[in-house]
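Below: the structure, in structure tokens.
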Amino acid sequence: MSIILNETKQAVQILEKGEIGSNPASTLFLLGKYYNQKEQLNTEQTFYKLHEFMEQHEKNYNAALWESAIEDIAKKSAKYSLREIDAIPITQAELDSIAAMTPVKYQKLLFTMLCYGKFYNILSQHNHGWINTSIQELYKIARVTVKYKKDKFLYLNDMEQAGLISFSTKNDNLNIKVNFVDMEGAAVFTITDFRELGYEYLNYIGNESFTLCTLCGRLIKKTNNKCRYCSDCAKIRKNQQNQRYYREKSGK
Ligand SMILES: [Zn+2]
């Protein structure tokens with residue numbers, strides 16, 4: 001699951017659409033925090049609201065199987081506050097640092113790392129550009145594919161050589177520090193969605209044509225004028241159409 005900048009907005013959307021998503025536990029955790037912190041419900045009331053949400057929106061919901069998990073989530077809902085970041089500002093100085101390095105696949109990765117670095121800096125002023133996101137996740141969000149797995153490290157090494165990032169290894173985890181984060185400059189544009197950071201960069205530099213998924217708002221490549229849905233929403237729609245077709249065919 002990619003980073004959610006504004007959890008309050010996300011929770012409102014989930015409640016409006018009644019969508020559990022691919023990770024029910026994290027959806028329930030988000031809703032638990034919302035019920036507790038925005039609707040001022042106590043642990044017991046939060047427990048019942050979460051249970052009710054699942055009952056209404058999860059097919060084949062088994063209340064007994066979920067009871068202890070929901071109880072746990074309801075208890076934790078007061079402990080972690082809802083994150084409310086509206087946007088990550090991107091400055092000209094940052095874009096210049098990125099543009100100095102070619103090819104574009106490096107720029108997409110640098111932009112992605114920059115967004116993560118700024119996100120963690122906003123969460124903690126002592127962060128100074130460090131990110132501990134997995135390399136796999138960074139490449140996925142940047143939409144950069146490689147022929148050989150080792151290329152992923154070679155690209156990052158090139159960026160380190162150029163002084164744009166630094167490495168540190170803590171507990172076997174590779175941490176990356178983004179060295180060109182600019183927390184003071186004026187925003188040239190802002191990022192409000194972390195699902196497609198590589199595309200956001202391409203869209204900004206005007207390299208290719210993009211549009212938004214009409215169902216979930218995700219940035220998608222506009223390969224022709226018929227493009228309307230991201231691949232996830234297209235799959236869900238196709239399933240719904242198939243179900244409708246079979247229902248009508250069987251006369252139910
Ligand atoms: Zn979509």
### Message
How much length would be gained if the chain were fully extended between N62 and N179, taking 0.36 nm per residue of separation minus their Cα-Cα distance, in nm to one decimal?
### Response
37.2 nm
### Query
What fraction, in whole percent, of alpha-carbon pairs in the chain exceed 23 Å separation?
60 percent
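At 0.36 nm per residue, and after removing the present C-alpha to C-alpha distance, how many nm does the segment from Q161 to H128 gain when stretched out fully?
9.9 nm
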### Message
On the principal axes of its Cα set, how long, how wide and how thick is the range 22-119? Give whole Å, largest value first.
### Response
56, 29, 18
### Task
Set Lys and Arg Cβ to +1 and Asp and Glu Cβ to -1, take the dipole of the chain about its Cα centre, and tell me which of Q40, Y246, L15 lies farthest positive.
Y246
### Task
Assign unit charges at the C-beta atoms only (+1 for Lys and Arg, -1 for Asp and Glu), then state the dipole size of the range 127-252 relative to its Cα centre in Debye, rounded to the nearest 20.
1240 debye
#### Entry: Those aspartates and glutamates that a straight Cα-Cα span of less than 20 Å connects to K75, excepting residues fewer than 8 apart in one chain
E7, E39, E44, E52, E55, E67
#### Entry: the range 127-224 - convex hull of alpha carbons, volume per residue in Å³
148 Å³
### Task
Grab the DSSP H runs of the chain that are 4 residues or longer, score each as -39,500 (n - 2.57), total them, divide by all residues and round the 222 nm result to the nearest 500 deg cm²/dmol.
-16500 deg cm²/dmol
### Task
Using only the Cα atoms of the range 7-76, build the gyration tensor, take square roots of its eigenvalues as a ≥ b ≥ c, and label the shape rounded, prolate or oblate: rounded if a/c is under 1.5, else prolate if a/b is larger than b/c, else oblate.
oblate
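Can you tell me the order of 109-117, 175-183, 235-243, 67-75 when each peptide is scored by its average per-residue count of other Cβ atoms within 10 angstrom, highest first?
Highest to lowest by the protection proxy: 109-117, 175-183, 67-75, 235-243.
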#### Entry: Pairs beyond 24 Å (Cα-Cα), from K9/K152; K38/K118; K149/K177; K9/K76
K9/K152; K38/K118
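No value in this document is a laboratory result; all are computed from the given coordinates. A quick note: this is a predicted structure, and the numbers were derived from the prediction, not measured. Note that we place each Cβ from the backbone using ideal geometry, even for glycine, and neighbour counts take in every protein chain shown.
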